[in-house]
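Following: one structure in structure tokens, then a few remarks.
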Amino acid sequence: MTVHSDETSRRVDMDQSQRVRLIEPAPFEDNRGSFRRLVDTLWDVPPIVQTSVSFNIRTGTMRGMHSSIRSSNEFKVVSCMTGAISDFVIDCRPESPDYLKVLSFELNEEKPGSLLIPPGCAHGYVTREPNSRVLYSMSSLYSPGTEVGYLWNDPVLGIDWPIEPTVISSRDLGFEPLTGPPAL
């Protein structure tokens, strides 16, 4: 049996609470299987008020690029529970050191990790395996009037998708191309 203290049970890629971060907690493992944290107050995450799950039947399913207007202050924690995804975040905050950077992460069931996405960032992913299940935890309740979206293949964003998205909602296909940097 392996026991992990708080100092060794997590790895934070970026140490500032308002930056996109990948948290990779070390799982507790024993003869029953494993147990891992998905959200922890040590990670400077506001209280979670809504949790949702998306189930994606086919490889190449794309969801995104979605965000909320800045006034909603929505913080997201994203984890891949089954399957595998290539996850992308674009920081749309002009004051951020990561402004307009495309950050990419591989999340899957074999490599436990949670992506912490602060307000003001657009988020999307493409599935790399069939039957991928993605868990979202949010710091604010769903509010249709606060949603914004960006076209997944917009040349202004310049996302290099590792596989061609083949399953895309009409909503995600209907976003207007950008004429300049995204703004929230």
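Where nothing but the Cβ of Lys and Arg (+1) and of Asp and Glu (-1) is charged, how large is the charge dipole of the range 82-152 around its Cα centre, in debye to the nearest 20? Could the numbers behind the result be given before it?
Values: 5 positive and 9 negative charges, 12 e Å.
In debye, rounded to 20, the range 82-152 gives about 60.
Can you order the peptides 53-64, 133-144 by their average number of other Cβ atoms within 10 Å per residue, highest first?
Details: 53-64: 17.3, 133-144: 15.3.
Result, highest mean Cβ count within 10 Å first: 53-64, 133-144.
Report the full-extension gain for the segment Gln50 to Trp161: residue separation times 0.36 nm, less the Cα-Cα distance, to one decimal in nm.
Values: separation 111, 0.36 × 111 = 39.96 nm, distance 2.85 nm.
That works out to 37.1 nm of additional length.
Couplings for the range 106-115, taken from phi via the Karplus curve 6.51 cos²θ - 1.76 cosθ + 1.60 with θ = phi - 60°, read 9, 10, 7, 5, 7, 10, x, x, 10, 9 Hz in order; Gly and Pro are left as x. Here the spin labels are modelled as points 7 Å beyond Cα on the Cα-Cβ line, and at Arg133 and Thr179 they lie 4.5 nm apart.
Near the amide H of Thr61, under 5 Å away, which other amide H atoms are found, from residues 5 or more places off or on another chain, if H is placed in the peptide plane? Excluding prolines and chain starts, which carry no amide H, the hits are Thr127, Thr166, Val167.
Each value in this text was obtained by applying a stated rule to the coordinates, not by laboratory testing. If you're wondering where the values come from, they're calculated on a predicted model, not measured in any experiment. All Cβ positions, glycine included, derive from the backbone under ideal geometry; neighbour counts span all protein chains shown.
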